[in-house]
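Okay, structure first, notes after.
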């Protein structure tokens with residue numbers, strides 16, 4: 001009788017311990033889930049809000065990274081510039097979460113450098129740029145290109161890498177043989193103040 005009586009409280013205590021452990025694990029899972037959701041929302045909203053000065057510095061870094069790439073490829077960036085942009089369809093405030101005084105922009109700038117020897121010159125430029133980016137420790141992504149009409153492989157590639165400032169640089173075939181398209185994309189940024197593409201002239 002004494003043995004049976006002592007076993008019951010022990011079993012009860014064991015069940016209670018399991019319940020406490022289960023609740024603890026569930027609590028940890030809820031905290032991790034909420035943290036993940038918060039991080040996801042921050043990413044969707046363009047990350048943490050940067051000061052106006054920080055954003056303008058990133059704009060300068062974006063333009064500088066692109067110009068450096070174009071010069072490396074043998075062209076004057078001011079003579080082959082195509083356009084400047086401040087927005088992207090994915091960089092919008094769908095959730096309505098941006099506070100008053102906070103803007104969201106995606107600064108990008110593009111150039112169209114020419115290469116001698118047509119497609120052969122373009123391939124040489126891709127190889128040289130790939131080596132340069134790899135030497136800097138940047139991960140280079142290469143995507144084979146296909147003809148938009150026939151769907152056949154063209155033998156040309158688009159290469160892309162992200163620099164140490166978070167600027168995505170890319171080189172792809174242009175509209176003509178021997179022409180390239182260089183794009184420097186600063187990514188979607190939330191920041192204080194207001195900025196437009198007219199402000200690009202400040203950094204020339």
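The values are calculated or read from the model by the stated rules, or taken from the named source; none is laboratory data. Bear in mind that the values here come from a model prediction, so they are computed numbers and not experimental data. In this analysis, Cβ positions are derived from the backbone assuming ideal geometry, glycine residues included, and neighbour counts consider all displayed protein chains.
List of remarks:
- Here residue 72 fulfils each of the conditions (1) loosely packed, with under 13 Cβ neighbours inside 10 Å; (2) modelled with pLDDT of 85 or more apart from (1).
To keep it simple, each residue is scored yes or no on (1) assigned by TED's automatic domain parsing to the domain that holds residue 192; (2) modelled with pLDDT under 85; (3) in contact with a helix residue (DSSP H, G or I) (Cβ under 6 Å, 6 or more places away or on another chain).
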site: 83; (1), (2), (3): yes, no, no
site: 90; (1), (2), (3): yes, yes, no
site: 97; (1), (2), (3): yes, yes, no
site: 103; (1), (2), (3): yes, yes, no
site: 106; (1), (2), (3): yes, no, no
site: 113; (1), (2), (3): yes, no, yes
site: 116; (1), (2), (3): yes, no, no
site: 123; (1), (2), (3): yes, no, no
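- Residue in segment 112-135 that is part of a loop (DSSP other than H, G, I, E, B), surrounded by fewer than 20 Cβ atoms within 10 Å (Cβ to Cβ) and free of Cβ contacts under 8 Å to residues at least 60 places away in the same chain present: no
- Subset of segment 167-185 that is modelled with pLDDT under 95 and not in a strand (DSSP E or B) - its residue that is surrounded by the most Cβ atoms within 10 Å (Cβ to Cβ): 174
- Criterion applied to 200, 138, 195 was being at pLDDT below 95 and in a loop (DSSP other than H, G, I, E, B), and the one residue passing it is 195.
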